[in-house]
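The values are calculated or read from the model by the stated rules, or taken from the named source; none is laboratory data. Everything numeric here is computed off the predicted structure, so don't read it as measured data. Positions of Cβ are generated from backbone atoms using ideal geometry, with glycine treated the same way; all protein chains shown enter the neighbour counts.
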Amino acid sequence: MSRRDDSVLLNDMFVAAKQATKAAAAKGQGDLYEDPVWALGLVKCIEIIGEASSRLSAQLREKHPEVSWPAIMSMRNRMVHAYSDIKYEVVWSTITQELPPFVQAIEKILSAEGGSPTDA
């Protein structure tokens, strides 16, 4: 099994974060409870971000401590393993407050690593 390149993983995170923030801008927090399929899509975006971050090389994560990699991976684990106890207010807060600066950080990291994000 081949290991995915850090730049590909970073782009996966960028795309998932952009998709989630764009989706959240189109609806409101109350829609998380009214539209379970939409809510699961947002959760999936968070899972993708966490899974991709766990597959990044340790060298890249160490080189960019400005990103809270352990917290990102921990949230992914929580979403996957405690799926029946997801707190949608935390999902909403993560997407609306945490992801916009995360997107900027990933853009900077990609640029520093010689890549550029491809938008969703």
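Can you say whether Ala17 is modelled with pLDDT of 95 or more and at negative phi, as far as the supplied structure shows?
So Ala17 fits the description; yes.
This table checks each residue for (1) closer than 20 Å to Asn77 by Cβ; (2) in a helix (DSSP H, G or I).
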| site | (1), (2) |
| --- | --- |
| Lys18 | no, yes |
| Thr21 | no, yes |
| Gly28 | no, no |
| Leu32 | no, yes |
| Leu40 | yes, yes |
| Cys45 | yes, yes |
| Ile48 | yes, yes |
| Gln59 | no, yes |
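Under the condition of being without any contact (Cβ under 8 Å) to a residue 12 or more places away in the chain and assigned to a helix (DSSP H, G or I), which residue from the stretch 61-73 is surrounded by the most Cβ atoms within 10 Å (Cβ to Cβ)? Lay out the reasoning, then the answer.
Filtering the stretch 61-73 for residues without any contact (Cβ under 8 Å) to a residue 12 or more places away in the chain gives 61-63, 65, 68, 70-71.
After this cut, where a residue has to be assigned to a helix (DSSP H, G or I) as well, the list is 61-63, 70-71.
Working: Arg61: 17, Glu62: 10, Lys63: 14, Pro70: 11, Ala71: 13.
Among those that are without any contact (Cβ under 8 Å) to a residue 12 or more places away in the chain and assigned to a helix (DSSP H, G or I), it is Arg61.
Taking the stated definitions as given, is Gly41 out of contact with any Asp or Glu (no Cβ under 8 Å at 6 or more places or on another chain), loosely packed, with under 14 Cβ neighbours inside 10 Å and at pLDDT 95 or above? Please lay out each step first, then the result.
On the way: out of contact with any Asp or Glu (no Cβ under 8 Å at 6 or more places or on another chain): yes; loosely packed, with under 14 Cβ neighbours inside 10 Å: yes; at pLDDT 95 or above: yes.
Yes: the conditions hold for Gly41.
Residues are listed down the side, and each one gets a yes or a no for (1) at pLDDT below 95; (2) closer than 15 Å to Leu10 by Cβ; (3) of a type outside the set (Lys, Arg):
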position: Gly30; (1), (2), (3): yes, no, yes
position: Tyr33; (1), (2), (3): yes, no, yes
position: Pro70; (1), (2), (3): no, no, yes
position: Asn77; (1), (2), (3): yes, no, yes
position: His81; (1), (2), (3): yes, no, yes
position: Asp85; (1), (2), (3): yes, no, yes
position: Ile95; (1), (2), (3): no, no, yes
position: Ser111; (1), (2), (3): yes, yes, yes
position: Ser116; (1), (2), (3): yes, yes, yes
